[in-house]
Each structure stands twice: as structure tokens, then as C-alpha cells.
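Scroll down for the structure; my scribbles are underneath it.
The values are calculated or read from the model by the stated rules, or taken from the named source; none is laboratory data. Since the structure is predicted, the reported quantities are computational estimates derived from the model, not experimental observations. Glycine also receives a Cβ, built like all others from the backbone with ideal geometry; neighbour counts cover every protein chain displayed. The accessibility values were calculated without ligands, DNA or RNA, using every heavy atom of the protein model including side chains. Shrake-Rupley method; radii C 1.70, N 1.55, O 1.52, S 1.80 Å.
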Amino acid sequence: MGLFNNREIATAIWLLVFAIWAFRKSGIRKSIWVLLRTFCYHKILLSVVLMLFYVLGLVTAMRALGMWNIGLLKDTVIWFFAGALSMMMRFATVDDTAGLFSRIVKDNLKIVIILVFLVNTYTFSLGFELVLVPVLAFIAMIDAVASAKDEYVVVAKITNGLQIVIGIVILGFAFLKAIDDWQTLSSFYTFQRIALTPLLSMGLFPFVYIMLIVSEYEQIFMRLNFGAKKTGPLKKYIRLRVISYAKLSMFKLGILKRNLVDLMHVQNIEDIDSILNNLEN
């Protein structure tokens, strides 16, 4: 099997076609430019760079443990852009991080991981994939729109049924191919490929959690500049007391955010001590 399978090649071809079409539209070009400028905002860019170095550290550790080799580079790059970045966005837009962590654990230990691996490993011919990829994308888009509105419930049932049928056919084809290729499938390299995504995702969790903690502290400290006027030493004391109270607890940081109005109107050391003592109790 080559570096890229037929499904990946077909997807890349269609993405290239879409990119050429999109860049011919001035409105879309402007939107893409705005998106790129937003992404290049120094804090976002710094977070992505730090995450990249963290992932490099993860990969180095996995290689030392015999769980990574250069043959997994493509899968790792795809995971970084499709998995790592999306995980960071999930953390940034959710309140219940404890619940999210448990969902990430469950998602990465399901049998679905193996099924997805089989489906993405054993693909159809390139010509068939060039037809299949846009058809699946079109059905998925129709399903997303139909599922969002009650009046389209009949359409949603049809598109959902189509996706199930197509999924079963693709999975059946993959299983038949896997049976023929059992010797290759039973190799340690196959185990490494299947385990790659769960291991990287679980390994990334501490980094994303710390980044979220830093972001929460930053939002709280920024609000201290509003409300009652505070001296430099008082602001420093408030920050130290807040860190001493919340530490690495997202739950306590959530409590602080719900009491930001009180923090904004702190005028002396006694005020902040009183607020945090009450929260502790």
C-alpha cells in the first residue's frame, strides 16, 4: 500500500477542486483572509506552536517505548490537524471539562476505533472513491440541515438511513479485504496504527487542560482592571490569593467567574480575604 490510500487521494482531489472554485470568488477569498488573520493572532498561534512541541514530545516518548515509528508520520500529521486542534476547540467551548474528559476516554477506547481503521485502510478503486467521497459529503450536509429542523424530519430519516446502508456496505467490503489480508493485519505495525489515535489523544489531554486553566485565569485577572480602582500591590495580592484558592481546579475557577462582580469591586486585602474565605466555606 502506498503512502496515501485511494480515499485520501480522492478527498485531496476534491478539496483542491473546491479550493480553486472558492478562490475564484472574491467574497470567499475575503472570508478566508479574515480567518487566517484570526488564526495568526499571537495568542492562538502561540498555543498551536506550544501544542506542536508538546506533540513532538509525546511522539518522542512513544518512539522510545516502541509505540511509534516513521511509518506512522502521515497518521500523526492527520491526527494533529483533525484531532488535536479540534480537541482544543472542544475544551475551549465547554463548561463541564470533567464530563468532557470522560467522553474523550470512552471515545478512544471504543471498538469504533478499530472499525474506522479498517474502513480507512481498505478502500475502493480511485475512480469509485472519486464518486463516493462527494456523494457521502452531500448526504452528510443534507442530513445536518434536515436534522436541525423539525419540518424536515422525513428527509432526515431518509438521509440517516442512506448513511447507515452505505456505512454497512463500506464496512462489509473492508472486512472482506481484511480477511484476505489477515497476515498483514495481524502485525505489530497494525496494532501501532490502531493505538496511535487513542494514545495521542489521551496524552494531549493534560496539555489542553493546562492551556484552558491558563485561559480561565487570564480572563479573571483581566476583569480585575475594571470596577474599583486597585493599586499594583493589591492586584498582585488578589492574583496570588486567587491562584492559592483555585489552583488547577476548573470547578473553583467557575465559581470565581460567577463572582467576578465582587472581585472587581475589591478595595483592600480584607475584601479579597473575606470573599475567598466565604467561597471556601
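From the residues in the range 213-246 that are among the basic types (Lys, Arg) and part of a helix (DSSP H, G or I), which one is surrounded by the most Cβ atoms within 10 Å (Cβ to Cβ)?
Of all residues in the range 213-246, those among the basic types (Lys, Arg) come to 223, 229-230, 235-236, 239, 241.
Checking the rest, the ones that are also part of a helix (DSSP H, G or I) come to 223, 235-236, 239, 241.
Numbers: Arg223: 15, Lys235: 14, Lys236: 11, Arg239: 15, Arg241: 17.
The extreme case among them is Arg241.
For the range 260-270, the count of residues that are modelled with pLDDT of 85 or more and either open to solvent by 30 Å² or more (accessible area, probe 1.4 Å) or closer than 22 Å to Leu46 by Cβ (or both) is at least one. When each of Val17, Val34 is tested for being more than 20 Å from Thr76 (Cα to Cα) and either open to solvent by less than 50 Å² (accessible area, probe 1.4 Å) or modelled with pLDDT of 80 or more (or both), the lone residue that passes is Val17. Would you check which residues across the range 261-270 are closer than 12 Å to Ile238 by Cα and touching a residue at least 24 places away in the same chain (Cβ under 8 Å) and list them? Within the range 261-270, Leu263, Met264, His265, Val266, Gln267, Asn268, Ile269 qualify. All told, Leu65 meets the bar of being within 24 Å of Pro198 (Cα to Cα) and out of contact with any Phe, Trp or Tyr (no Cβ under 7 Å at 6 or more places or on another chain). Residues in the range 127-154 that are at pLDDT below 85 and open to solvent by less than 50 Å² (accessible area, probe 1.4 Å) were compared, and the one that is farthest from Trp14 (Cα to Cα) is Ala146.
Any idea which residue in the range 61-76 is modelled with the highest pLDDT, counting only those that are exposed (fewer than 11 other Cβ atoms within 10 Å of the Cβ) and assigned to a helix (DSSP H, G or I)? Talk me through it step by step, then tell me what you get.
Filtering the range 61-76 down to residues exposed (fewer than 11 other Cβ atoms within 10 Å of the Cβ) leaves 64-66, 70.
Next cut, assigned to a helix (DSSP H, G or I) only: 64, 70.
Values: Ala64: 94, Ile70: 89.
Once the filter is applied, the top-ranked residue is Ala64.
Of all residues in the range 155-212, those satisfying the criterion of being over 25 Å from Arg63 (Cα atoms) and exposed (fewer than 12 other Cβ atoms within 10 Å of the Cβ) are Gly161, Ile164, Val165, Ile168, Val169, Gly172, Leu176, Ile179, Asp180, Trp182.
Might you let me know whether the range 25-48 holds any residue that is under 20 Å from Gly203 (Cα atoms) and without any contact (Cβ under 8 Å) to a residue 12 or more places away in the chain? Yes, because at least one residue in the range 25-48 is under 20 Å from Gly203 (Cα atoms) and without any contact (Cβ under 8 Å) to a residue 12 or more places away in the chain.
All of Ile179, Ile210 fail the test of being in a helix (DSSP H, G or I), within 28 Å of the chain's Cα centre (by Cα) and of a type in the set (Val, Ile, Thr), apart from Ile210.
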